[in-house]
Amino acid sequence: MEFKNLSLKQLIGEIKSGNTTQQEVYDYFLARIKTLDPALEAFNLVHQTAPKQDVHTPLVGVPIGVKDVFSEAGIETTASSKMLEGYKPPYDATVISLLKEAGFSSIGKLNMDEFAMGGSGENSAVRITKNPWDTTRIPGGSSSGSAAAVAAGMVPAALGTDTGGSIRQPASMCGIVGFKPTYGRNSRKGVIAMSSSLDTPGTFTKTVEDAALLYEIMSGYDPGDSTSLQESTIINPEIWDRKDLNGVKIWVPKEYFIDGIEKGVLREIDGAINTLRELGAEIVEVSLPHTEYGLAVYYITCPAEVSTNMARYDGIRFGHTHGGGADISTSRSEGFGKEVQRRIMLGSFVLSSGFYDAYYRQAALVRELIRDDFRKAFEQVDILVTPVSPSVAWKIGDKSADPLKMYLADIFTVNGSLAGLPGLSLPIGYALPEDGGSVELPVWLQIMGPALGEEKIFEIAHVLERALQKSVERKKPNIF
Ligand code: GLN
C-alpha cells in the first residue's frame, strides 16, 4: 500500500480498520527514508525497528519524526551541536511521554539549526538539510529536518519547536502545515532550552486536523514546567463541520505588508484574503503600532536568554570536553558553532551591568508594548493573517554569511512569539522565486490568534484549507 499521501488521521483509520498494520506502515516510511534521505539529509538518526504499540491507543503506532531537541530517554539527542555529541538524556520530555502514552512511534531524530538558532538549517553542526521542492534551496529553520521530512512524505508528521518562527517558517518554505500553540500550552520540560521565555513545542503536519490531533495529545498542564498553563486544551469537534466564515472578523495588519515582500508572495496572499472574504469573513484593517520594534526586541531578548541557557555546557557537567575539562573556554569554543558563540556574546553584552538598562530592560519594556498591541487588537477581531516570510525558500548559502540578513527574514514571526501567541502557517499557493530558479515554491499564510485561541485558529484555517483545496491545484515536490 502507498501511504505517502495519507494524513495522520487517514493512516490511523487504515490501521484501525485493519486495512494495514502498524508494522507495514512503519516499514513503508523507513523504506522512504532510505530512498530519499541521502539527497535531503533531514535525519540525524533513524530507528530501524518499530516499537510495538497497543492498537487501542489514539495514534496506533504511527511513526512521527522528532526534532533533535526533544529528550528521549536513552536516545542520542544533540540539538545538532558538537557540544552534545553522544549525549543520551536520562528521561523523556513531557510531550514525548504524552505521545508515547497515546501510542506514537518515534522513527528518528530530525536535523535542525544548532540549538535552534537560525532560520535556514545551515547552522546545524551535523549536515545541511535540503528543501524537497528544490534541493539547491534551504528548507527553512530552525526545524529544517522536520519540515523537509514531512514535505517529502518520509514521515506523516513531525515535532518541532518555535522560538521566533522555527515551526511556522520552515513549514511554509516546504508547503505544509506548521503549528505553534500559545506559549505555555505544550510543556518545555525535557526540551533542550534556547530562549526560555519564547520556546514553544509544536508540530508539522499535512493538514490542519492533524495539527489539532497532535495538539490535543501534547498540550496541557505540566507541574514540571513553571510556565505551563492550566486552562483546558480540548478542541470542540464541531469546528470541523463549519463551511463558511460568516460573522468572523479577520484583520490584516498593514505593518506586515512592507516593501521587499516578493510579488508572487503578495499575489498569493491577496488571493487567500479574497477567498476568506468570499467565505463570508469581514476583513478589518487595524494597526499594530509597535510592530517595527519586534526584531530588535527579539534579537536582544533571545541572545540574553541563550547566553544564560548555554552556560550549563561547560564540558564538565555537560557537553564536549577538551583535555579532561579543565579548560572550559576551549571546550566551549570547540563545542559551539559560530551562531551560538555570536549569541552568547551578544547576550552577555546586553546583560552586562553597564548595558543592561539600555538594552535588556528596554527590550523587556517594549515587549510589553508589543504584547499590548495584540491584546487591544484581539478585542476587535477573531484572528489576524499575515505573511510568514518576505520571500519563498532561498538558495543555500544566500544568507548564511550575513547574520543580519538571516535575522531580517524573521520579521513576520518574532512579534507573535514575543507576545506568546498561537500561530499556524497554511500553504495557500505557489510562486517562482525572484532570485531565479524555474521551480515554483510554496507560499503560505500565517494565521495568528489571541492567547489560548487555538480552537479559533484551527476552525478558520480548516475552512480556508478546504476552500483552497477546491480552487488551487495541490502540487507535490518532484522528489515526492
Ligand atoms: N530564526 C529565529 C532565530 O534564529 C527563530 C529560531 C527559532 O524559532 N528557534 O532565532
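Just so it is clear, none of the values below were taken in a lab; they were calculated from the coordinates. Just so you know, these numbers come straight off a predicted model, no measurement behind them. Every residue, glycine as well, gets a Cβ built from its backbone with ideal geometry; the counts of neighbours run over all protein chains shown.
Some observations on this one:
- Mean Cβ neighbour count within 10 Å, used as a protection proxy, ranking 193-206, 211-224 highest first: 193-206, 211-224
- MRE, 222 nm, helices only [DSSP H, n ≥ 4, -39500 (n - 2.57), over the chain, to nearest 500]: -10000 deg cm²/dmol
- Rg ratio (alpha-carbon, reference 2.2 N^0.38 Å) - the chain: 0.91
- Put simply, the amide H of T200, placed in the peptide plane, has neighbours under 5 Å in D162, T163, leaving out anything fewer than 5 places away on its chain.
- In terms of overall dimensions, the stretch 209-254 has a Cα radius of gyration and Dmax of 15.0, 41 angstrom.
- Net charge, G319 excluded, C-beta distance under 14 Å - Lys, Arg +1, Asp, Glu -1: -1
- Least to most buried among D225, D27 (fewest other Cβ within 10 Å first): D27, D225
- Phi angles across the stretch 446-457 convert, under the Karplus curve 6.51 cos²θ - 1.76 cosθ + 1.60 with θ = phi - 60°, into 3J(HN,Hα) values of 8, 10, 10, x, x, 3, 6, x, 3, 4, 4, 4 Hz, Gly and Pro given as x.
- Here the Karplus relation 6.51 cos²θ - 1.76 cosθ + 1.60, evaluated at θ = phi - 60°, turns the backbone of the stretch 471-477 into coupling constants of 9, 10, 5, 7, 9, 10, x Hz, with x for every Gly and Pro.
- Dipole of the stretch 140-256 [Lys/Arg +1, Asp/Glu -1 at C-beta], most positive-end residue of G165, S232, Y256: Y256
- Dimensions in Å of the stretch 371-480 - Rg and Dmax from alpha carbons: 16.0, 45
- On the principal axes of its alpha carbon atoms, the stretch 1-160 extends 43, 37, 21 Å, with the longest extent given first.
- In this structure the amide hydrogen of W251, modeled in the peptide plane, comes within under 5 Å of the amide hydrogens of V284, I383, L384, V385, none closer than 5 places in sequence on its chain.
- Percent of C-alpha pairs per 5 Å bin in the stretch 1-53, short distances first: 4, 18, 27, 23, 18, 8, 2.
- By other beta-carbon atoms within 10 Å, ranking L110, L452, L288, L369 with the fewest at the front produces L369, L452, L288, L110.
- Fraction of antiparallel bridges per DSSP, the stretch 52-202 only, in percent to nearest 5: 45
- For S124, the residues whose amide H sits under 5 Å from its own are E114, ignoring neighbours fewer than 5 places away on the same chain, with H placed 1.01 Å from N.
- Across the alpha-carbon atoms of the stretch 84-194, the computed radius of gyration and Dmax are 13.5, 39 angstrom.
- Taking the DSSP beta bridges with both ends in the chain, the antiparallel portion is around 70 percent.
- Percentage relative contact order, the stretch 416-480, counting C-alpha pairs under 8 Å, at least six apart: 31
- At q = 0.12, 0.23 Å⁻¹ the log10 of I(q)/I(0) for the stretch 211-291 amounts to -0.63, -1.04, computed by Debye summation with a single uniform scatterer per C-alpha, solvent ignored.
- Over all pairs of different C-alpha atoms, the stretch 294-350 has a mean inverse distance whose reciprocal, the Kirkwood radius, equals 11.7 Å.
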